[in-house]
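Chemist: Take a look at the following structure, please.
The values are calculated or read from the model by the stated rules, or taken from the named source; none is laboratory data. These figures come from a predicted structure and were not determined experimentally. Note: ideal-geometry Cβ built from the backbone for every residue, glycine included; neighbour counts use all protein chains shown. Note: areas computed on protein heavy atoms with side chains; ligands, DNA, RNA excluded. Shrake-Rupley method; radii C 1.70, N 1.55, O 1.52, S 1.80 Å.
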Amino acid sequence: MSTLGLFQPGTSVLHRLPAGLKLLALVAAGVGSVLVERPWQVLVAAALLGAFYALARLPPRVVVAQVRPVLWIATLTFLVQLVVSGWQRAVVVVGVLGLLVLAAALVTLTTRTTDLVDAVVTGCRPLRLLRVDPERVGLVIALGIRSVPVVVGLAEQVRDAQRARGLGASPRAFAVPLVVRALRHADALGEALAARGVDD
Amino acid sequence: MIEVAGVSHRYGSRPVLVDLDLRLSEHRVGVVGANGSGKSTFARLVNGLVLPTSGRVRVDGLDTRRDGREVRRRVGFCFTDPDAQIVMPTVAEDVGFGLRRRGLPKQELRQRVDGALAAYGLAGHADHPAHLLSGGQKQLLALASVLVTQPAVLVMDEPTTLLDLRNARLISSVVAGLPQQVLLVTHHLELLDGFDRVLVFDEGRLVADDEPAAAVRHYRGLMG
């Protein structure tokens, strides 16, 4: 079962920081990442992020679990960049990608979803002028976080079903039932939200 | 009081409920029937998740078509698959979800969430990821998340179908102690012991409406 990006209770300084501040820092990191051009800058950023993780006192297995899902795409990107732009660019691109994933995970691992939602709702209030419902934006964020372990669980079920029937690693045989199950889950979740009065 | 007057419902051209007239005031009402007999649609009519093609459903005088929002506040709904109704990532956050949407002050919200977690044996799991709970605990969480909003009526659509016997009995014992009016759709016939009234559906029609033993006998006869 996945603990990807899910809140880990704790009392560290990072746990106690306001959710809005952490989100702003994450946005700043994302924007600032375009300025990273040299491998040594990636190393500095990695050391800084490592210090934040140490500060948050998160178990190493939780940290490793955050990057595992992006390993294949990181490897693919690294190889493409290596061929097209050379090793230095490959290190920068993949390094920045990995660090941003870890930075985003650090925010969700040290912040309750309800606090994140509150921060997003507060931040989105001016969007009411554009007829955007901030509560709905917050709900989408919460459902997005909640859906990660659900989809991982569905993928595990599909893989088990494939193995039980002796099927090889066919992407189509994996993707089709996974999409169907995910859509069914979305349908049932929508009904449950309606039953809890979300659409009222 | 649940009132169902002249209700029929179709999905496209397929009728799923036909000419239903009922008044349900009993504390515990069971609903049984084969798959596709219309019992789940009937359950969904009660809190306005499904609106009847014809006829009217009222709960405590509130019409599900006209007063949907108020009806959903009065009628809590528990689904078969708890995974599909757990909305928030952690246990305490999910229990608090319905209350937050009602704008309760944080202090009161916290107290009611803690109370619900303690009442349903989930106090030690407050910050745990909801998807890591066992099947029985997930269904208890789903139940706690509905009951914390204090609905007057609880509708449960096969809440024990995915559970083993021990967890099914656990859910049953929790439901037995509830002050709410309960409408339980189930295939686990032993859960209906002690119920006040049981409805039997077959091919969209109400074919028996009796005390549990007689209704279950009728149902067993139907199944052959």
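Chemist: Under 28 Å Cα to Cα from residue B:39, which lysines show up? Leave out anything in the same chain fewer than 8 places away.
Modeler: Residue B:39 reaches B:138.
Chemist: Here's a follow-up. In whole percent, how big is the carbon plus sulfur part of the accessible area of the range A:129-195, probe 1.4 Å, protein atoms only? Could you put the intermediate results ahead of the total?
Modeler: Values: 2600 of 4170 Å².
Exposed carbon and sulfur together represent 62 percent of the surface.
Chemist: Within chain A, which whole H helices from DSSP have a Cα span along their axis of at least 30 Å and a mean Kyte-Doolittle hydropathy of 0.0 or more, if any? Let's see the in-between values first.
Modeler: On the way: long enough: A:87-109 (32 Å, 2.13); A:134-164 (45 Å, 0.53); A:171-195 (35 Å, 0.71).
Helices meeting the span and hydropathy rule in chain A are A:87-109, A:134-164, A:171-195.
Chemist: Of all the accessible heavy-atom surface of chain B, with the other protein chains kept in place and a 1.4 Å probe, what percent is carbon and sulfur?
Modeler: Working: 4410 of 9280 Å².
Looking at chain B in its full context, I get 48 percent from C and S.
Chemist: Turning to a different aspect of this structure: Taking just the alpha-carbon atoms of the range A:13-111, what radius of gyration and Dmax come out, in angstrom?
Modeler: Gyration radius and largest Cα-Cα distance of the range A:13-111: 13.9, 44 Å.
Chemist: Then there's this: How large is the charge dipole for the protein assembly as shown, taken about the Cα centre, if only the Cβ atoms of Lys, Arg (+1) and Asp, Glu (-1) carry charge, to the nearest 20 debye? Walk me through the numbers before you get to the answer.
Modeler: Numbers: 47 positive and 37 negative charges, 248 e Å.
Result for the protein assembly as shown is approximately 1200 debye, rounded to the nearest 20.
Chemist: Rank-order B:79-90, B:2-13, B:204-215 by packing density, defined as the average count of other C-beta atoms within 10 Å over each peptide's residues, highest first.
Modeler: Working: B:79-90: 23.1, B:2-13: 15.0, B:204-215: 16.9.
The most tightly packed comes first, giving B:79-90, B:204-215, B:2-13.
Chemist: Mind pulling up the Rg/Rh value for chain B? Radius of gyration and Kirkwood radius, both on Cα. Write down the numbers at each step before the final one.
Modeler: On the way: Rg = 17.4 Å, Rh = 17.9 Å.
Reported Rg/Rh (Cα atoms, Kirkwood Rh): 0.97.
Chemist: Evaluate the Debye formula for the range B:105-214 with equal point scatterers sitting on the alpha carbons, no solvent, and hand back log10 of I(q)/I(0) at q = 0.14, 0.15 Å⁻¹, in q order, two decimals.
Modeler: Ignoring solvent entirely, the Cα scatterers give -0.63, -0.71.
Chemist: Hey, can you find the accessible area per residue of the protein assembly as shown for me, probe 1.4 Å, expressed in square angstrom?
Modeler: On the way: 20990 Å² over 424 residues.
Using a 1.4 Å probe on heavy atoms only, each residue of the protein assembly as shown averages 50 Å².
Chemist: Further question: Per-residue counts of other Cβ atoms within 10 Å, averaged by peptide: what ranking do you get for B:19-25, B:139-145, highest first? Write down the numbers at each step before the final one.
Modeler: Values: B:19-25: 14.7, B:139-145: 26.7.
So the order, starting with the most tightly packed, is B:139-145, B:19-25.
Chemist: Indicate the residues belonging to the range B:109-139 that lose 40 Å² or more of solvent-accessible heavy-atom surface (probe 1.4 Å) upon moving from the chain alone to the assembly of all protein chains, ignoring ligands and nucleic acids.
Modeler: Residues passing the criterion (a loss of at least 40 Å², heavy atoms only) are B:127, B:131, B:132.
Chemist: Could you estimate the translational diffusion coefficient of the range A:117-200 from the Stokes-Einstein equation, with Rh from the Kirkwood formula over C-alpha pairs, at 25 °C and 0.890 mPa s, in whole µm²/s? Show your work: numbers first, answer last.
Modeler: On the way: Rh = 15.1 Å.
Rounded, D is 163 µm²/s.
Chemist: Please check the range A:135-166 for residues whose accessible area, probe 1.4 Å, is lower by 10 Å² or more when all protein chains are in place than in their chain alone.
Modeler: A:135, A:139, A:142, A:143, A:146, A:149
Chemist: Turning to a different aspect of this structure: Which of A:46, A:103, A:173 moves the most in a Gaussian network model of chain A with Cα springs under 10 Å?
Modeler: A:173
Chemist: If you fit an axis through the alpha-carbon atoms of helix B:165-176 and take the longest principal axis of the Cα set of chain B, what angle between them do you get, 0 to 90°, nearest 10?
Modeler: 90 degrees
Chemist: Determine the total buried accessible area between chain A and chain B, counting protein heavy atoms only with a 1.4 Å probe; round to the nearest 100 Å².
Modeler: For A against B, buried area totals roughly 2700 Å².
Chemist: What average count of beta carbons from other chains do you get within 10 Å of the Cβ of residues in B:42-50? Write out the running numbers ahead of the final one.
Modeler: Details: counts 0, 0, 3, 0, 0, 3, 4, 4, 1.
Taking the mean over all residues of the peptide, I get 2.
Chemist: Same structure again: Name the trypsin sites (Lys or Arg not before Pro) in the range A:97-183 that are in a loop by DSSP and that have at most 13 other C-beta atoms within 10 Å, would you? Provide the component values of the computation, followed by the final result.
Modeler: On the way: sites: A:112, A:128, A:131, A:136, A:146, A:159, A:163, A:165, A:172, A:181; in loops: A:112, A:131, A:165.
The qualifying sites are A:131, A:165.
Chemist: Shielding of B:7-14 by partners, i.e. mean partner chain Cβ atoms within 10 Å per residue? Don't skip to the answer; put the middle values down first.
Modeler: Working: counts 0, 0, 0, 0, 0, 0, 0, 0.
Per residue, the number of nearby Cβ atoms from other chains is 0 on average.
Chemist: Give the average, rounded to an integer, of partner chain Cβ atoms located within 10 angstrom of each Cβ in B:87-96.
Modeler: Per residue, the average neighbour count from other chains is 6.
Chemist: If all Cα-Cα distances of the range A:62-105 are sorted into 5 Å bins from 0 onward, what percent lands in each bin, rounded to whole numbers?
Modeler: Values per bin, smallest distances first: 5, 25, 30, 21, 13, 5, 1.
Chemist: Quick one: grab Rg to one decimal and Dmax as a whole number for the protein assembly as shown, Cα atoms only, in Å.
Modeler: 25.0, 80
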